[in-house]
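Okay, so here's the structure we're looking at.
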Amino acid sequence: MKKLLKILGLVLGVLVLVVLLGAATIQFSGIPSYDTNPPDLKVVPDSASIAEGKRLATLVCNHCHLSTAGKLEGKKMTDLPPAFGAAWTANITHSPNSRLAAYTDGELAYLLRTGVKRDGKYAPPWMPKFPLLSDDDLHSIIAYLRSDAPELEASDKVQPAPKPSFLVKLLCRVAFKPLPYPEKPIMAPPLTDKVAYGRYLIDAKVDCYSCHSADFKTVNILEPEKSEGYLGGGNLLLSPEDGKTVIFSANITMDKETGLGDWTEEDFIQAVRFARRPDGKPLRQPMVPFSALSDEEASAIWAYLQTVPKIHNEVDRGW
Ligand code: HEC
Ligand code: HEC
């Protein structure tokens with residue numbers, strides 16, 4: 001009996017040691033690195049693609065990378081949940097010292113699609129990935145980032161290195177892995193196919209689904225509709241204003257009691273483009289007014305939402 005206890009004790013001791021060693025390895029080696037294989041890509045910009053890229057960046061990049069000085073020089077992410085640690089968005093201006101300076105077009109496409117930086121480091125979940133964005137839209141963003149738009153003028157601001165928590169380091173090893181670089185060209189559906197285009201906007205282009213599903217930890221980036229609680233809201237977000245106030249994302253499925261089932265298309269367009277609800281309440285950040293979306297695009301999103309399975313989920317909106 002005594003011998004058995006001794007052996008059990010020994011096995012337990014070894015197990016604890018293995019877990020501790022594993023945890024220490026994750027803690028000290030930080031965010032993992034990967035081999036990169038960027039495509040051979042040279043974007044040829046023209047004024048139309050630069051203008052479209054600027055509009056897109058306003059929708060999906062600039063709220064994070066734009067400082068109060070109006071430059072894409074980065075800033076602290078004030079709405080990052082403390083459990084994730086601390087992060088600063090990168091300086092992506094034309095300064096030779098910016099984090100974008102050394103990137104080729106192919107490396108930039110690789111980063112935006114797979115989440116792997118040019119030095120091989122994985123960009124944690126605080127930098128979004130765009131694996132389903134069309135090639136044209138991706139190339140427009142790159143064309144814009146190379147343009148002489150005033151917000152891209154060189155700034156020498158150096159943002160601190162991120163301080164990922166143990167949780168982020170662990171998640172970057174077990175849950176968040178680099179996404180595969182698409183093997184075939186990706187094309188967006190035509191705007192005239194409203195439902196398909198609305199789906200493209202929600203899943204691929206503006207990323208509405210990642211905030212509006214149940215939890216960032218369970219979003220499915222490659223197959224967004226398989227995310228837990230797809231568009232049913234309840235994802236715990238923090239106000240970027242004070243980094244403390246909890247604001248749960250809204251249920252935007254067509255459920256009558258807990259979602260948008262009683263809204264009109266016009267109500268919806270107003271809410272999305274100007275962050276105003278039909279009852280007059282302003283929508284709080286991190287929901288931003290997507291005023292760069294056209295009425296036509298917002299209407300396509302509305303058309304798609306009519307086809308999404310309803311979820312009955314009463315979200316505590318705090319009012
Ligand atoms: C939710 C906020 C957020 C959004 C939206 C966002 N980024 Fe970032 N981005 C970050 C953060 C945070 C970092 C710093 C990541 C790090 O150092 O680990 C970063 C880093 C970068 C880098 C530097 C990579 C490197 O090698 O250090 C580039 C380039 C970049 N982002 C471009 C973009 C572009 C282009 C878009 C839009 C298509 C975009 N980002 C959208 C938060 C964001
Ligand atoms: C960064 C996270 C985030 C993104 C991205 C986002 N939303 Fe929201 N959205 C929220 C939050 C949080 C609320 C709740 C705001 C509040 O309660 O004041 C909200 C509220 C809404 C509402 C109001 C619903 C209601 O019942 O009041 C609509 C409609 C909406 N979002 C649609 C969209 C659409 C469409 C997109 C994409 C174009 C989108 N959102 C992108 C976070 C986000």
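Only residues that are polar (S, T, N, Q) and over 26 Å from PRO164 (Cα atoms) were counted across the range 7-49, and they come to 2. The residues of the range 273-283 that are within 17 Å of ARG317 (Cα to Cα) and either within 16 Å of ligand 1 (Cβ to nearest atom) or of a type in the set (A, V, I, L, M, F, W, C) (or both), listed by number, are ALA275, LEU283. All told, GLN285 falls short of being among the polar types (S, T, N, Q) and more than 12 Å from ligand 2 (Cβ to nearest atom). Residues that are outside any loop (DSSP other than H, G, I, E, B) and among the aliphatic types (A, V, I, L, M) within the range 45-73 comprise ALA48, ILE50, ALA51, LEU56, ALA57, LEU59, VAL60, listed in sequence order. Would you check if VAL19 is open to solvent by 50 Å² or more (accessible area, probe 1.4 Å), farther than 19 Å from TYR110 by Cα and not charged (D, E, K, R)? Spelling it out, VAL19 is indeed open to solvent by 50 Å² or more (accessible area, probe 1.4 Å), farther than 19 Å from TYR110 by Cα and not charged (D, E, K, R). Check whether at least one residue in the range 284-306 is part of a loop (DSSP other than H, G, I, E, B), in contact (Cβ under 8 Å) with a residue 12 or more places away in the chain and within 19 Å of ASP193 (Cβ to Cβ), and report yes or no. For the range 284-306, residues part of a loop (DSSP other than H, G, I, E, B), in contact (Cβ under 8 Å) with a residue 12 or more places away in the chain and within 19 Å of ASP193 (Cβ to Cβ): present. Residues in the range 207-219 that are at pLDDT 95 or above and in contact with a helix residue (DSSP H, G or I) (Cβ under 6 Å, 6 or more places away or on another chain): CYS208, TYR209.
Open to solvent by 70 Å² or more (accessible area, probe 1.4 Å), in contact (Cβ under 8 Å) with a residue 24 or more places away in the chain and not in a strand (DSSP E or B), is that true of PRO96? Even if it seems obvious, please write down each step before you answer.
On the way: open to solvent by 70 Å² or more (accessible area, probe 1.4 Å): yes; in contact (Cβ under 8 Å) with a residue 24 or more places away in the chain: yes; not in a strand (DSSP E or B): yes.
It is true that PRO96 is open to solvent by 70 Å² or more (accessible area, probe 1.4 Å), in contact (Cβ under 8 Å) with a residue 24 or more places away in the chain and not in a strand (DSSP E or B).
Take the conditions (1) open to solvent by 50 Å² or more (accessible area, probe 1.4 Å); (2) within 9 Å of ligand 1 (Cβ to nearest atom); (3) among the acidic types (Asp, Glu); GLU107 misses just one of them, which is (1).
One line per residue, one yes/no per condition, for (1) under 24 Å from VAL219 (Cα atoms); (2) open to solvent by less than 20 Å² (accessible area, probe 1.4 Å):
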site: SER239; (1), (2): yes, yes
site: LYS244; (1), (2): yes, no
site: SER249; (1), (2): yes, yes
site: GLY259; (1), (2): yes, yes
site: ALA271; (1), (2): yes, yes
site: LYS281; (1), (2): no, no
site: GLU297; (1), (2): yes, yes
site: LYS310; (1), (2): yes, no
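Every condition in (1) modelled with pLDDT of 95 or more; (2) under 17 Å from LYS163 (Cβ atoms); (3) within 16 Å of ligand 2 (Cβ to nearest atom) is met by TYR122 except one, and the failing one is (3). Among the residues of the range 199-219, those that are among the aliphatic types (A, V, I, L, M) and in contact (Cβ under 8 Å) with a residue 40 or more places away in the chain comprise LEU201, ILE202, ALA204, VAL206.
The values are calculated or read from the model by the stated rules, or taken from the named source; none is laboratory data. What you see is a predicted model; the values in this text were computed from it and never measured. A quick note on method: Cβ atoms are made from the backbone with ideal geometry, for glycine too, and the neighbour counts reach across all protein chains shown. Just the protein is used for accessible areas: all its heavy atoms, side chains included, with ligands, DNA and RNA removed. Shrake-Rupley method; radii C 1.70, N 1.55, O 1.52, S 1.80 Å.
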